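Have a look at the structure below, then the notes.
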């Protein structure tokens, strides 16, 4: 059984940090650090740069923006602020240990947080994973319950109320992501004007409600207890968390939810083991969510297609960085193909009136 720490590998040449400068800062900001730090890099993410910083048997996690990040994106100090504001109400948030806006230390603003020693699932369940189908189903419900719990937090608390911009979340998201899509185009990109036109025509006139949302909730952003892999002990990657429409949050999560019966092309972009025996289907996820929250999901097709579209934009933004030579990470070379698969998925979902 592997855990999150075992996922860390040697730091890529293009992502190297000034270890001496980082060491001096961390020791000035975090009491009790001793010795020389060892740096490794987590390979699973496709956006921000995330490092494991080890002082003997004490591990920290450091996050910073990638080179060539789009203006306004990858705001690590905002993410640290969101996590600090949420921690008292949502215990699954890792504790923030230090944060700095001094780009001279590691090349960009960054923060350091506690490292949670647990299991993070990727595309497939790891060899020796100790859960049968019933256990996997329990894991699935527990992961969904944490999202529902997050969305149920009292968002009127001053520290949390400050995270959002008020009513009009869906409208802002539609405008923001379509604009990002236009800016992220590369030669040969499908413009998807028909998809954007459909989203524009079908988007809800108002938010279903406003609450705390994670905005990138999926299995590889969840840390599981090694002693009981059905139990969630941490939730990671809070960069896009805000106050927003919970159905947008659910739609975004379902964009990653590839089922066992989905076509091979969609299986090829799967990043979490939602195809495993015991996992819910997308239809079952929605039914479970409705049962637990009592929300009226109405015409969920918009939220599902928008989730796919947003994922397509994220992939295209990263692919553009690769095309422009701002990163040489070869795992990004195939994202152009992924964008095409997601564009087709959007059209198929529109034609079917929603696939759930």
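Summed over segment 186-214, residues that are surrounded by fewer than 18 Cβ atoms within 10 Å (Cβ to Cβ) and in contact with a strand residue (DSSP E or B) (Cβ under 9 Å, 6 or more places away or on another chain) total 0. Of the residues making up segment 109-128, those that are buried (at least 19 other Cβ atoms within 10 Å of the Cβ) and farther than 20 Å from residue 257 by Cα are 109, 110, 111, 112, 113, 115, 116, 118. Checking segment 226-247 against the condition returns a match, with at least one residue being in contact (Cβ under 8 Å) with a residue 24 or more places away in the chain and part of a helix (DSSP H, G or I).
A count restricted to segment 1-33 and to residues that are more than 14 Å from residue 49 (Cα to Cα), assigned to a helix (DSSP H, G or I) and free of Cβ contacts under 8 Å to residues at least 60 places away in the same chain stands at 7. Residue 265 falls short on exactly one of the conditions (1) more than 27 Å from residue 159 (Cβ to Cβ); (2) assigned to a loop (DSSP other than H, G, I, E, B); (3) touching a helix residue (DSSP H, G or I) at 6+ places or on another chain (Cβ under 6 Å), and that condition is (2).
Has segment 137-153 got any residue that is in a loop (DSSP other than H, G, I, E, B), surrounded by fewer than 18 Cβ atoms within 10 Å (Cβ to Cβ) and on the phi < 0 side of the Ramachandran plot? Yes, there is a match, as at least one residue in segment 137-153 is in a loop (DSSP other than H, G, I, E, B), surrounded by fewer than 18 Cβ atoms within 10 Å (Cβ to Cβ) and on the phi < 0 side of the Ramachandran plot. Just one of the listed residues (305, 339) is over 25 Å from residue 244 (Cα atoms) and either outside the structural domain of residue 263 (by TED's automatic domain parsing) or surrounded by 21 or more Cβ atoms within 10 Å (Cβ to Cβ) (or both), and it is 339. Looking for whichever is assigned to a loop (DSSP other than H, G, I, E, B), in contact with a strand residue (DSSP E or B) (Cβ under 9 Å, 6 or more places away or on another chain), touching a residue at least 40 places away in the same chain (Cβ under 8 Å) and farther than 30 Å from residue 277 by Cβ here; the options are 130, 126, 66. Which one fits? Matching residue, one of 130, 126, 66: 66. Counting the residues of segment 330-356 that are within 17 Å of residue 15 (Cβ to Cβ) and over 19 Å from the mean Cα position of the chain (by Cα) gives 2. Of all residues assigned to segment 291-308, none qualifies as being out of contact with any helix residue (DSSP H, G or I) (no Cβ under 9 Å at 6 or more places or on another chain), over 25 Å from residue 339 (Cβ atoms) and in contact (Cβ under 8 Å) with a residue 40 or more places away in the chain.
From the list 311, 286, the lone residue that is crowded, with 18+ Cβ neighbours inside 10 Å, more than 19 Å from the chain's Cα centre (by Cα) and in a helix (DSSP H, G or I) is 286.
The values are calculated or read from the model by the stated rules, or taken from the named source; none is laboratory data. Nothing here was measured: the structure is a model prediction, and the numbers come from that model. Note: ideal-geometry Cβ built from the backbone for every residue, glycine included; neighbour counts use all protein chains shown.
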